[in-house]
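The values are calculated or read from the model by the stated rules, or taken from the named source; none is laboratory data. Here the structure is a predicted model, which is why all the values come from computation and not from measurement. So basically every Cβ, Gly included, is an ideal-geometry build from the backbone, and we count neighbours across all protein chains shown. Calculation scope for accessible area: heavy atoms of the full protein, side chains included, ligands and nucleic acids excluded. Shrake-Rupley method; radii C 1.70, N 1.55, O 1.52, S 1.80 Å.
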Amino acid sequence: MARGRDTGPWGTGGVRLAGTALGALLVLAGCAPAGGNGDSKDAAGEGGATSSASVAPGPSESYAASEDWTEPERWVALPRGQRTDDYGSEVGFPHTTEGAVAAMAAGHTKTVQDSTSHVDEQLRLYYSYIARADQSEDVAERVELRAMDDGKVIAREMGLKPGAPLPPGAYVRSHIIGFKIIGQSENEVSGWLLSRVTQKAGKMNAEKSNHVRLLVGARWEGGDWKVSLLATRHALDATDGQPKPRIVVPGDAAFNAAGWTAIREAS
């Protein structure tokens, strides 16, 4: 059985998704309200999962996925970006709601392994997916410093030496598996994202994972969708006082009841 835990802003749980540049930016800007909008539940891997909240831990509750697969009622294959930018990120998403979701999902997809560090991935996400109005040298420096700290914490959690390259077979990955739209207009889209975050300390170690709920807003600028503090503030206002969708994975009957749409891998 997996264990659940509510955590601080943008999902700073045991497998630390809040080490995304987007989450770090929101926290640095003081955009998240008290109690946070990123929450996580652990999903047991081969050896079970452990969790340690790092920011504002809340009450825990147990969670176990259903043994019987229940087909999600809503599936979407998100569009791909039209090009790759100078940072190696997929960009150029279509000017549609699904294009905005695809951009937000790309902005929360990262892989740390081999010679690619947390700092590398944080800065890539920051420069590729954050709105220009929210970027500055000062913020970029703070995102970098936060990424360094997050990398050290993750390394310790994995029993590795902080600051050293990950050993063969070790990785930290995150990708979006579902979403729920909050608001949409021609040039602004916001929604809840459901992310799966996994980490492995080496070839012979068991993979650990958890699932994280994130609140994200994006605006259309310069011919592409960018994650925006203004759009995210609008989403925070729109959901103030409303219940958050349950953190449940595709295949669980509660996934449909929570209103999630599953993301199908593009061919």
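Take the alpha-carbon positions of region 97-229, form their convex hull, and give its projected area averaged over all directions (one quarter of the hull surface) in nm².
Mean projected area of the Cα convex hull: 8.3 nm².
Ordered by packing density, taken as the mean number of other Cβ atoms within 10 Å over each peptide's residues, highest first, how do 188-195, 141-148 rank?
The densest-packed peptide leads the list: 188-195, 141-148.
With every protein chain left in place, what is the accessible area per residue of region 94-170 in square angstrom, probe 1.4 Å?
Using a 1.4 Å probe on heavy atoms only, each residue of region 94-170 averages 46 Å².
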